[in-house]
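The values are calculated or read from the model by the stated rules, or taken from the named source; none is laboratory data. Keep in mind that this is a model prediction, so the values were computed, not measured. Cβ atoms come from the backbone with ideal geometry, glycine included; neighbour counts cover every protein chain shown. Ligands, DNA and RNA are excluded from the accessible area calculation, which covers all protein heavy atoms including side chains. Shrake-Rupley method; radii C 1.70, N 1.55, O 1.52, S 1.80 Å.
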Amino acid sequence: MEIIKKAIQQNDMVSVFKVRSFSLLMISEFFSQLAFNMQHFVLIFVIYELTRSNTAVSGVILSFTVPAILFSVISGVYVDRWNKKKVLFFTNLIRGFLLIPFFFTDLHLGLIYALTFFVAVATQFFLPAESSIIPTLVKKDLLLPANAAFSFGIYATTLLGYILSGPVFIILGRTNSFVFLAALFFLSAVFIPFIKIPKKTKQEVLVPDKIPSLAVEAREIFSFIRKTRKVMHALLMLTIAQAVIFMFAVLVPGYAATVLKIRLESLSWILIAPAALGMGLGALTLGSFGKKINRKWLSSSGFIITGITFILFSLVNIAMQSGFITSLNDTLPYDLYVTPMYFVIIMAVVIGFAISLVFAPSNTTIQLETDESMRGRMYGFLNALIGAVSFLPVVLAGGLADLLGTVTVLVGFGAMMIILGLFFWFFD
């Protein structure tokens, strides 16, 4: 018992949560990210109820994604100039206040789009401030486990938001759902003032004789990325990994309907929850052993494992059609009867684990290689890249799946992920 207690105390993941300011940031992040991601689906429910139109639903999705393309780089420039704690505090308040008009039932569709757009604009300032403040809160040797915990927090709350949005909307109703979401944003803001930034790294608004123009500061970050190979590859990995998540989200409904033959409502427990568990396992693993492994190898391995798992997803269909699973059950004891769902759940856990291997090391590389004066711009640029690239998997994956079939597209994307992983492994 004493050995287990000592091992827990020496675990880097435990150590990073002992940093009070980092823990407060994580609590704040939990409430804000949960609200932001639940808001996505609640708005989709509201729009579809009002219009019964898929095109109208596409409009609200564009209202979320277009601000990332238009404002991410600009927001990053300003975040580098401003006090990051104040940015986190006021963006949470602004997003909470922007949801208040949704308390009223008779909102025009155009106003819903406009309010959604402005919530997304505020989020473009929140995201780079949140990511770039981490190195000021923890010591350098705890940066990897801190990013592992932070990445897990973001994607766990994303998945949890998607899972809870339907039940919350059904139980609370339209008006009370938005009251609940606004309260989450306000609650997130409450924790920010208690975060303490060490004096030696505390960021103040700089007022030199002449503040560089936005264009000059944007060119500076582009030049830095072009010259710093490690940062360029980390940005590329994070962007591709996020695009893969979007692509998988597009393919999952078709996979559930055509391969697994299950209702879409079951996806939360068969794919989403296991993937979140995998991310948690990945975060714990990186927190314990991540510092001992080359970050490039971790990220590359994440790509390769994801690619292999995509291909294995397609083999479930072959196993079902060939009778392999039936033959396997014939050889197993009765109480060990297996179904295709068991394999799918295990593979979902593996994908979550693999994605965590990409996000935490890549974020750590960006933070270590980038000076504090430009971290906000760096994450702003990253959000712009993700926003731009997110259109491609939605259009490409969906169209190819309709044309070639979901299984074929999964194999193709899996092969691409393996090739990219090998490229980053050997040529970075």
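If you sort the three axes of the alpha carbon gyration tensor as a ≥ b ≥ c, you get a/c of 1.5 or more for segment 69-110 and a/b no higher than b/c, which makes it oblate. Each of Glu220 and Lys139 was given a label point 7 Å from its Cα along the Cα-to-Cβ line. The distance between the two points is 3.1 nm. Here the label points at Ile170 and Leu70, each 7 Å from Cα along the C-beta direction, are separated by 3.6 nm in the simple model.
In this structure, Leu109 and Ile346 have a Cβ-Cβ separation that, at R0 = 51 Å, corresponds to a calculated FRET efficiency of about 0.75.
The Glu49 and Leu403 beta-carbon pair, evaluated with R₀ = 35 Å, returns a calculated FRET efficiency of approximately 0.65. Structure shown: which of Lys18/Lys227; Lys85/Lys139; Lys84/Lys296; Lys261/Lys296; Lys140/Lys227 lie over 27 Å apart, alpha-carbon to alpha-carbon? Table pairs above 27 Å Cα-Cα are Lys18/Lys227; Lys84/Lys296; Lys261/Lys296. Tyr255 exposes around 10 Å² of accessible area when a 1.4 Å probe is run over every protein chain in place. What distance in nm separates the two pseudo spin-label positions at Leu315 and Trp425, each 7 Å out from Cα along the beta-carbon direction? It works out to 1.7 nm between the two label points.
Using heavy atoms of the protein chains and a probe of 1.4 Å, the accessible area assigned to Trp82 is about 100 Å².
Taking 0.36 nm per residue of sequence separation and removing the Cα-Cα distance, the Glu369/Thr258 pair yields an extension gain of 35.4 nm. Given segment 49-163 reduced to its alpha-carbon atoms as identical point scatterers, what log10 I(q)/I(0) does the Debye formula return at q = 0.12, 0.14, 0.17, 0.23 Å⁻¹? Normalising to I(0) and taking log10 leaves -0.55, -0.72, -0.99, -1.37.
Determine, from the Cβ-Cβ distance of Phe90 and Ser327 and an R0 of 56 Å, the FRET efficiency 1/(1 + (r/R0)^6), rounded to the nearest 0.05.
Computed FRET efficiency for Phe90 and Ser327: 0.35.
Between Lys230 and Met416, 0.36 nm times their residue separation minus their Cα-Cα distance comes to what?
The span from Lys230 to Met416 would gain 64.8 nm if fully extended.
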